[in-house]
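Colleague: First the structure, which I've put down as structure tokens, then a few questions once you've had a look.
The values are calculated or read from the model by the stated rules, or taken from the named source; none is laboratory data. Predicted model only: the values in this text are computed from it and were never measured. Here the Cβ positions follow ideal geometry from the backbone for every residue, glycine too, while neighbour counts run over all protein chains shown.
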Amino acid sequence: MPRFISYAQAISEALVQAMQEDKDIFIFGLGVDDCKGIFGTTIEVAKQFAPQRVFDTPACENALTGIAIGAALNGKRPVLVHARHDFMLLALDQMINNAAKWTYTYHGQSTLPIVIRAIVGKGWGQGPTHSQNLQAVLAHFPGLIVAVPSNPVDVKGLFIQALKSNSPVVMVEHRALYDLKADVSQEPYRLPFGHARVVRMGRDVTVVATSLMVQETLKAATMLEAQDISVEVVDPVTLNPLDEKTILTSVKKTGHLLCADSDWPKCSFASEVAALVAEKAFYDLKAPIGRLGWKACPAPVSKVLEDEFYPDSQDIVQAILKLLKRHEVKVNPLKTIDSFSGPY
Amino acid sequence: MITKEIQKKLFDLMLKIRQAEEKIVEVYAKEQTMRTPTHLSIGQEAVAAGLGLALHKNDQIFVGHRCHAAYLAKGGSLEGFFAELCGRASGICGGRAGSAHLSDHSAGIYASPILSSMIPVAVGAALSFKMDGKNQVAVAVFGDAAIEEGVFAESLNFAVAKKLPVLFLCENNLYSTYSPMSVRQPSSPIFERVRIPELDTRQIDGNDAVLVYECLSRVVDKVRRESKPYFVECLTYRIREHVGPLFDYDRGYRTKQEVEAWMTKCPIKKLKQELIHSQIMTETAIKTLEEQWQHVCDEAYKKALAAPWPTENTLLNYA
């Protein structure tokens with residue numbers, strides 16, 4: 001029975017359902033049981049399972065990751081939460097040197113069922129160190145599953161899947177998606193890793209978009225539809241494993257590719273998709289590939305600069321028109337309401 | 001109470017570790033059959049042997065790069081050990097891990113070489129033991145340089161705050177590669193520097209196997225019973241180079257006299273004298289035991305060399 005619920009509610013529901021089913025799941029990290037409950041996502045699990053299975057910790061990001069590994073070795077399923085993705089930089093030693101290499105290096109002697117949540121911030125002056133996205137770094141090193149859910153339906157299914165997986169999974173959540181609502185089934189369901197979603201069918205251009213940029217691209221597609229430009233939107237859902245086939249099939253159909261990423265373009269997932277298509281679908285391309293992401297500077301605080309820093313649906317429209325050499329087209333902007341108004 | 005049996009077991013275990021590593025020394029440079037950087041524990045065997053005997057079978061050890069001694073003391077497979085060093089498919093980790101990651105998970109021994117990186121993993125194991133009401137203990141074994149990395153402090157803080165059954169066991173061998181303590185740490189002893197009111201710490205002679213065993217038996221028992229961490233610093237010394245089989249007193253960072261002085265404090269030599277003096281074992285019996293372990297290691301090495309390599313098509317297994 002689907003209900004119209006938010007991304008944050010979908011996360012909360014997935015965690016509650018998974019924890020009710022599996023007593024080995026526990027959730028820890030700074031502030032997971034406090035009154036704010038990680039932007040509302042852990043309030044319900046804390047009600048039901050604190051303090052034994054939902055508990056607060058010191059801010060020791062690297063140790064917490066190692067602790068998750070040690071507990072996972074002994075049959076637990078830890079969920080470690082970083083309320084800001086940026087803090088995960090302190091945990092990269094454990095994530096890359098231990099977790100990502102564990103099962104391979106020890107030749108399958110043990111597996112690590114760990115879920116690490118990381119929330120990317122945006123808006124209300126989150127600034128240079130509360131807004132970053134490490135997805136490309138995480139997906140670069142073999143051994144970590146990296147999921148980048150862009151909507152409430154996917155985020156629930158991916159969480160249920162992650163909490164049954166035997167590999168370390170990083171869930172890159174986006175704070176600006178937390179209030180996005182959709183019809184979400186109440187029953188627990190699993191979304192497989194490595195299956196991209198064609199979010200919107202189209203014929204003229206493929207946009208491979210991640211996380212928040214999926215939503216921005218859908219707005220852009222609506223605007224362009226009025227001008228008879230048809231946009232296909234592909235959401236990879238997970239960066240590792242990556243569903244290459246869905247991306248390539250789409251590009252072969254449209255002959256145009258724009259990569260719209262919630263990250264800086266240099267050495268990014270957008271670059272990865274561009275390389276993939278250049279390698280495997282070059283002769284299907286009718287125009288050079290485009291990449292769109294954050295401007296090449298840290299995220300500034302001031303609203304004027306912040307707006308300039310992040311690409312939005314208008315920028316995607318312009319990028320698509322450039323790609324299609326349709327500079328003459330004039331597009332009416334959609335009236336959008338930013339549901340996230342702060343303050344933090 | 002230290003029985004003759006315990007003394008013999010400690011001696012036997014130290015000989016096993018020493019003979020396994022002497023086999024590496026013998027072939028490492030000459031035969032070049034082990035293409036994996038090895039960090040030998042020669043001279044430091046008493047810590048691992050005392051710990052190994054003080055633990056229950058289902059307790060777990062998490063150790064850094066100098067892991068051979070702990071691996072063997074915890075009951076890691078000896079054949080899997082040599083086969084792993086030789087990169088064979090029958091290696092304990094299929095030839096993927098090598099010397100610095102030597103781990104036999106079924107025996108409860110886990111190794112990873114970024115100095116401090118296994119310390120929080122031990123704390124996590126202890127957390128799960130406490131959550132599940134298991135009567136197990138986790139041990140983090142690390143060198144003096146590991147405490148210089150941030151995750152050591154993070155782990156200690158977490159373990160004390162959450163009252164977890166974990167033993168922090170520091171093997172202080174005075175050097176981090178070629179860097180002496182004097183350029184790395186304050187001059188006060190490590191066990192005093194990490195002490196806080198909620199954490200018991202002590203320092204012992206890490207070259208006295210009987211003493212290590214006596215101390216760690218009591219400490220492990222306390223950790224298990226009271227579910228709280230403990231920190232023990234064992235003073236010991238690495239006789240060979242940091243990585244590799246050679247002596248290194250020609251490299252200028254320590255003197256030959258210093259190394260030789262520590263060689264007289266060799267833990268095996270020390271216990272051997274005690275066993276003979278107390279008439280627990282005769283010199284002949286000791287010689288025979290030595291030869292037995294030598295033979296076992298020779299055979300395990302030969303078997304490793306005869307074992308098949310991993311096939312190329314297994315490269316991506318578990319990837």
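Colleague: Would you check which residues across segment A:30-60 are small (G, A, S) and within 12 Å of chain B (Cβ to nearest Cβ) and list them?
Modeller: Residue satisfying the conditions is A:A59 alone.
Colleague: Which of the residues that make up segment B:49-73 are in contact with a Ser or Thr (Cβ under 7 Å, 6 or more places away or on another chain) and part of a helix (DSSP H, G or I)?
Modeller: Within segment B:49-73, B:A54, B:H68, B:A69 meet the criteria.
Colleague: Among the residues of segment A:61-74, write down those that are of a type outside the set (S, T, N, Q) and at the interface with another protein chain (Cβ under 7 Å from one of its Cβ atoms).
Modeller: Answer for segment A:61-74, where residues must be of a type outside the set (S, T, N, Q) and at the interface with another protein chain (Cβ under 7 Å from one of its Cβ atoms): A:A63, A:G66, A:I67, A:A68, A:I69, A:G70, A:A71, A:L73.
Colleague: Moving on to the next point. When segment A:36-57 is examined, which residues are found to be part of a loop (DSSP other than H, G, I, E, B) and over 26 Å from the mean Cα position of the chain (by Cα)?
Modeller: Selection gives A:A50, A:P51, A:Q52.
Colleague: Then there is this: Taking only segment A:8-33 into account, find how many residues are free of Cβ contacts under 8 Å to residues at least 60 places away in the same chain and out of contact with any strand residue (DSSP E or B) (no Cβ under 7 Å at 6 or more places or on another chain).
Modeller: Residues flagged as free of Cβ contacts under 8 Å to residues at least 60 places away in the same chain and out of contact with any strand residue (DSSP E or B) (no Cβ under 7 Å at 6 or more places or on another chain) within segment A:8-33 amount to 6.
Colleague: Follow-up. Scan segment B:77-84 and give yes if some residue there is of a type in the set (D, E) and away from chain A (no Cβ under 14 Å), otherwise no.
Modeller: The first filter runs over segment B:77-84 and keeps only residues of a type in the set (D, E), leaving B:79, B:84.
Right, trim to away from chain A (no Cβ under 14 Å) and you get B:79.
There is at least one residue in segment B:77-84 that is of a type in the set (D, E) and away from chain A (no Cβ under 14 Å).
Colleague: Are any of the residues in segment B:210-227 hydroxyl-bearing (S, T, Y), over 16 Å from the mean Cα position of the chain (by Cα), at the interface with another protein chain (Cβ under 9 Å from one of its Cβ atoms) and closer than 24 Å to A:A59 by Cβ?
Modeller: no
Colleague: Under the condition of being surrounded by fewer than 19 Cβ atoms within 10 Å (Cβ to Cβ) and not in a helix (DSSP H, G or I), which residue from segment A:17-29 is farthest from the other protein chains (Cβ to nearest Cβ)?
Modeller: A:D22
Colleague: Can I ask one more? Taking B:Q60, is it buried (at least 22 other Cβ atoms within 10 Å of the Cβ), within 12 Å of chain A (Cβ to nearest Cβ) and touching a helix residue (DSSP H, G or I) at 6+ places or on another chain (Cβ under 7 Å)?
Modeller: yes
Colleague: Go over the candidates A:R190, A:R203 one by one and state the one that is farther than 26 Å from A:K286 by Cα, surrounded by fewer than 24 Cβ atoms within 10 Å (Cβ to Cβ), of a type in the set (D, E, K, R) and outside the structural domain of A:L89 (by TED's automatic domain parsing).
Modeller: Only one candidate passes the filter, namely A:R190.
Matching residues to (1) surrounded by 24 or more Cβ atoms within 10 Å (Cβ to Cβ); (2) among the β-branched types (V, I, T):
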site	(1), (2)
B:G124	yes, no
B:A138	yes, no
B:V141	yes, yes
B:I190	no, yes
B:D200	no, no
B:V210	no, yes
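Colleague: Let me ask you something else. Could you tell me whether any residue of segment A:151-160 is acidic (D, E) and surrounded by fewer than 22 Cβ atoms within 10 Å (Cβ to Cβ)?
Modeller: The answer is no; no qualifying residue exists.
Colleague: With A:A8, A:A14 as the choices, which residue is closer than 21 Å to A:K164 by Cβ, more than 14 Å from chain B (Cβ to nearest Cβ), part of a helix (DSSP H, G or I) and in contact with a helix residue (DSSP H, G or I) (Cβ under 8 Å, 6 or more places away or on another chain)?
Modeller: Numbers: A:A8 fails: closer than 21 Å to A:K164 by Cβ.
The match here is A:A14.
Colleague: All but one of (1) out of contact with any helix residue (DSSP H, G or I) (no Cβ under 8 Å at 6 or more places or on another chain); (2) of a type outside the set (A, V, I, L, M, F, W, C); (3) touching a residue at least 12 places away in the same chain (Cβ under 8 Å) hold for A:H140, so report the exception by its number.
Modeller: Result: A:H140 fails condition (3) only.
Colleague: Checking B:G76 against (1) buried (at least 24 other Cβ atoms within 10 Å of the Cβ); (2) part of a loop (DSSP other than H, G, I, E, B); (3) in contact (Cβ under 8 Å) with a residue 40 or more places away in the chain; (4) not hydroxyl-bearing (S, T, Y), only one condition comes out false. Which one?
Modeller: Unmet condition: (3).
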